[in-house]
1. Please list, ordered by residue number, the helices (runs of 4 or more DSSP H) wholly in the stretch 508-612 having 2 or more residues that are farther than 21 Å from L430 by Cα and within 16 Å of ligand 2 (Cβ to nearest atom).
2. Restricting the search to the stretch 474-486, which residues are in a loop (DSSP other than H, G, I, E, B) and either at pLDDT below 85 or more than 10 Å from ligand 2 (Cβ to nearest atom) (or both)?
3. Filter the stretch 549-593 for residues that are under 19 Å from I630 (Cβ atoms), at pLDDT 90 or above and either of a type in the set (G, A, S) or open to solvent by less than 10 Å² (accessible area, probe 1.4 Å) (or both) and give the result.
4. Which is under 30 Å from the mean Cα position of the chain (by Cα) and either more than 23 Å from Y356 (Cβ to Cβ) or of a type in the set (F, W, Y) (or both), of A701, A675?
5. Name, by its number, the condition in (1) part of a helix (DSSP H, G or I); (2) within 16 Å of ligand 1 (Cβ to nearest atom); (3) open to solvent by less than 60 Å² (accessible area, probe 1.4 Å) that does not hold for Q194.
6. Please state which of the following conditions P181 fails to meet, knowing it meets all the rest: (1) open to solvent by 60 Å² or more (accessible area, probe 1.4 Å); (2) within 30 Å of A315 (Cα to Cα); (3) out of contact with any strand residue (DSSP E or B) (no Cβ under 9 Å at 6 or more places or on another chain).
7. Check A28, A20, A16, A12 and return the single one that is farther than 27 Å from F329 by Cβ and either of a type in the set (A, V, I, L, M, F, W, C) or not assigned by TED's automatic domain parsing to the domain that holds A92 (or both).
8. So, in the stretch 456-473, how many residues would count as being more than 14 Å from ligand 2 (Cβ to nearest atom) and assigned to a loop (DSSP other than H, G, I, E, B)?
Amino acid sequence: MPSVTEILIPLALDSAYSYAVPAGLTLAVGDVVQIPLGPRETVGVVWGVRESPAGSNLRAVTGRLDVPPLAGPLRELVDWLARYTLAPKGSALAMALRLPDEAAQGETVRIGVRASGKPPARPTTARTKVLAVAADGAMRGKSALAKEAGVSLSVVDGLIDDGALEATALAPEPVALPPDPDHARVPLSEAQAQAVRDLIAMMNPAPADAPTDAIGDPLPEGTAPVATAAPPGHGEKAPTILLEGVTGSGKTEVYFEAVADCVRRGRQALILMPEIALTAQFLDRFAERFGVRPATWHSGIGAKRRERIRAGVAAGEIAVVVGARSALFLPFAKLGIIVVDEEHEAAYKQEDGVHYHARDMAVVRGRIENCPVVLASATPSIETRVNATRGRYRHVGLPERFGGRRLPDIAAIDMRSDKPERGSFIAPALIAAVRETVAAGDQALLFLNRRGYAPLTLCRACGHRYQCRNCSTWLVEHRFRKALVCHQCGHAERRPESCSECGTFDNLTPCGPGVERIAEEVAALFPDKRVIVLSSDFPGGAERLRAELQTVAEGGCDIVIGTQLVAKGHNFPHLTLVGVLDADIGLTSGDPRAAERTFQLLQQVTGRAGRGEKPGRALVQTFQPEHPVIAALLSGDAARFYEEEIAAREAAGLPPFGRLAALIVSANDRAVAEAHGQALARASEPPDGVMVLGPAEAPLALVRGRYRFRLLVKTERSVDLQSYLRDWIARGPKVRGNVKVAIDVDPQSFL
Ligand code: ADP
Ligand code: ZN
């Protein structure tokens, strides 16, 4: 009987397609093949092979490509990802598969040459020089040899043609040298040493006393209905461990020891970080500990380098990768640990294409590979915290800062009584504190989570407010760029000289502050101090931004003004004062995680202070010092905050006690989007334990010219959310015209 294969194509298609296997070709699951698709040829992966008489009626596979097959664990991850997120399986595959043609194309092969021992046909002076250098028989790069001999490259080429030099392709230089787990072991504090012992004991349980049930289902809360079984053939399940330590406690030092342990056992380590935290500072710190920098993986890595990292990882030659979330899809041959640093970061959630949460996917990959996963944070997500208290995850704690350093003292500035002067945004008490700090030669950080100059611009004469033409957002003035910019779609227009509505000249007024406006105020207050403004739209891109972060770390500036990106895991040893300009910003949003997010962010940013020799303090400008989030921050009582927040979530049936999914319907026409949303709602037929809310116009009702409506699905924990969604979508209205329905399981953003 002929063989038939199911081929999954890395396009937004939900299922694999059947193809016949031509005579003489044997295919195995995971093989990367070329296939005809419509009028063209494309690439796919063998997802299944069976014997079937239908084979004769099918189009045939063109051939197998000479690339490594997609390994079992990655295929399992793709299946899991698609099933969980409801993304088309082909889209999930696209994240794990590189297409051969975009790969190492044009990889410059380095040619090495050495003397063959044959004399040259025509010994010129130049040729003699080259052969004199090459006489030692060593292999050299072609141009290196020409340079050393002081001749042009053509002389070397001539000798190769002649046969006097023999040329071979050299292996490219390694993308990462092997890290030495014993290069420079840092003396640990007693608490750190204990944490390392605990961590390593949990990662490598002695078979006899290993708890088999205590850890339970290692999947993230909310994932239980799908794929809960342990992979066959494994005795103990590798644990997921929450490494919780206050800011400055040395979590990095501790998980480095776990990574070292893994490397010593000949296994590979993956350290995931929010992209922007992947700084030279971190890589240097790694190099101090392990002797070499690790391989890095993020959006700035070029195609050739990506290819080589992929190959090195697949061959098991690269021992440690530090990467952003997409590193989860690298073909590790023998993964021994995944560390997710700053696990609570919302940046781990991908918000377009396949809506996946890299932290949760790390736990899934860990389960598939049966390798331990370490989630590190000073302010764990509620989900992770609940998993840890309920015993699904293990817990290792570092309750104190390293070296006897204290956590910063945090005090509120009550903006109702201690107001800034008219037209300014920094209260007198904070100005005085900055003055003291910089006078002592220390650094101050002023934190405001708003990019640009002013979040809103209006005409003083007619009241016209400048709005994006593609989105329902106010345009943000960026004075440096002399533009009004939409932070949603990037649309930018010149800041007009006269009002576009009423024509009044020079009467536009900025409302509220962004970091650029704070910079202006600081420049006027401290004209002779060195100020750096840091936000994600930093001119010069991510590389410049990383360099600036380095400058701050080295003490090369007095006052830093920054958005949330300065809060994320950076270590600024000279920083002793943090001023939060508007602690209340995040509290009013309708997001169910508003309190958690605000608490985490403020705790992180105030935790930047006093990480060096000197103690730190933080001043927090707020209109509501009695708000539970602000009160918990001021009292330093994180435990209480978590308790109350967890109780509130439980009472409201919110994650992780219930499950959420969002359907975002969008279309070029508002009425069409709304009608489709309503038709979906009518088809929802929610069973017991399921609630469907909406459609409601999204808070961001218009984005990039598309009108948006949201439906929210809320279920009890025990409900199989994915099956429900699948059935609903299947019986729901057909998607027509330019209507799009995006499905977001476990939504993190509610905009
Ligand atoms: P966290 O990630 O918990 O905020 P880090 O790992 O960044 O903390 O450590 C905070 C600071 O303390 C860093 O500058 C780090 O180098 C230093 N540190 C932590 N542990 C040690 C140690 N055992 N020996 C020397 N320095 C340490
Ligand atoms: Zn816009």
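The values are calculated or read from the model by the stated rules, or taken from the named source; none is laboratory data. Quick caveat: nothing in here was measured; it's all calculated off a predicted structure. Glycine also receives a Cβ, built like all others from the backbone with ideal geometry; neighbour counts cover every protein chain displayed. To get the accessible areas, we keep the full protein, side chains included, count just its heavy atoms, and leave off ligands, DNA and RNA. Shrake-Rupley method; radii C 1.70, N 1.55, O 1.52, S 1.80 Å.
1. Answer list for the stretch 508-612: none.
2. Of everything in the stretch 474-486, those that are in a loop (DSSP other than H, G, I, E, B) and either at pLDDT below 85 or more than 10 Å from ligand 2 (Cβ to nearest atom) (or both) turn out to be R479, F480, R481, K482.
3. L577, V578, G579, V580, A583
4. A701
5. (3) is the only condition that Q194 fails.
6. Failing condition for P181: (1).
7. A20
8. 5
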